[in-house]
Structures are given as C-alpha cells and as structure tokens.
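First the structure, in the form of structure tokens, and then the observations on it.
The values are calculated or read from the model by the stated rules, or taken from the named source; none is laboratory data. The structure presented is a predicted model; accordingly, all values stated were derived computationally and were not measured. Here the Cβ positions follow ideal geometry from the backbone for every residue, glycine too, while neighbour counts run over all protein chains shown.
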Amino acid sequence: MPITVLSLAAFYIGIFNTAAPDTMFVKVAGYIPFFSPTVMLLRIGLERATLLEIWVSLAILVASILFFGWFAAKIYRTGVLMYGKRPTFKELRKVMKAYKI
C-alpha cells in the first residue's frame with residue numbers, strides 16, 4: 001500500500017499540474033526520485049523542461065536506484081544470515097556498522 005500511495009501521489013502531481021507545469025512544486029518534484037518519472041514526463045511532454053533539467057533528473061534517478069539497490073542487498077544479506085527471527089533495529093544498526101554502511 002505505501003508504494004501505491006506514492007504512485008498515486010506522483011500521478012496526481014502530474015495530472016493536477018498540467019495547467020501550470022512551471023511552478024516551483026512541479027520543478028522540485030521532477031528531481032525527487034520516486035516522482036521524477038511521472039512529473040518529468042509531464043514537463044517533457046509540455047516542452048517545459050530544458051535538456052539540462054532532464055539529464056540532472058535522470059542522473060539523480062539512476063544514482064538513487066543504484067544506491068537503494070545496494071542498500072537493499074545489504075539488508076537482504078543481513079536478513080538471510082539472521083533467518084529464524086526478525087532482526088531488531090538495534091541488530092540492523094550493529095550489522096550496518098560491521099559492514100561499514
């Protein structure tokens with residue numbers, strides 16, 4: 001459900017701002033990784049985004065995908081090694097310190 005709510009928020013930001021794609025809210029949302037595919041596509045379609053804005057948004061999106069993929073792999077590794085019981089935040093923090101995350 002949280003991912004669905006974020007997806008709907010990105011959709012509604014794009015739909016409700018088609019009349020004003022140059023507002024600061026839409027420009028900032030175009031750089032937030034979860035909203036950028038929808039909002040930046042709106043701005044590109046309405047020809048309001050410059051080439052630099054498109055590339056910066058894409059670079060932030062790719063960097064966040066790589067970072068969160070790496071981070072999820074570390075957490076998954078910890079979860080697989082500690083199977084049988086659910087790890088607490090304290091244990092996860094200790095493992096992150098051990099792996100220098």
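See the values below:
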{"quantity": "Any hit, segment 77-88, residues being among the aromatic types (Phe, Trp, Tyr), outside any helix (DSSP H, G or I) and in contact with a helix residue (DSSP H, G or I) (Cβ under 6 Å, 6 or more places away or on another chain)", "calculated": "no"}
{"quantity": "Those residues of segment 37-54 which are loosely packed, with under 11 Cβ neighbours inside 10 Å and hydrophobic (A, V, I, L, M, F, W, C), in sequence order", "calculated": "Leu51, Leu52"}
{"quantity": "Cβ pairs under 6 Å, 6+ apart, first in segment 36-59 and more than 13 Å from Ala19 (Cα to Cα), second modelled with pLDDT of 95 or more and among the β-branched types (Val, Ile, Thr)", "calculated": "none"}
{"quantity": "Top-ranked residue in segment 14-33 [being within 15 Å of Leu61 (Cβ to Cβ) and β-branched (Val, Ile, Thr); ranked as surrounded by the most Cβ atoms within 10 Å (Cβ to Cβ)]", "calculated": "Ile32"}
{"quantity": "Candidate set from segment 1-47 (those that are part of a loop (DSSP other than H, G, I, E, B) and under 21 Å from Ile65 (Cα atoms)); member that is modelled with the lowest pLDDT", "calculated": "Met1"}
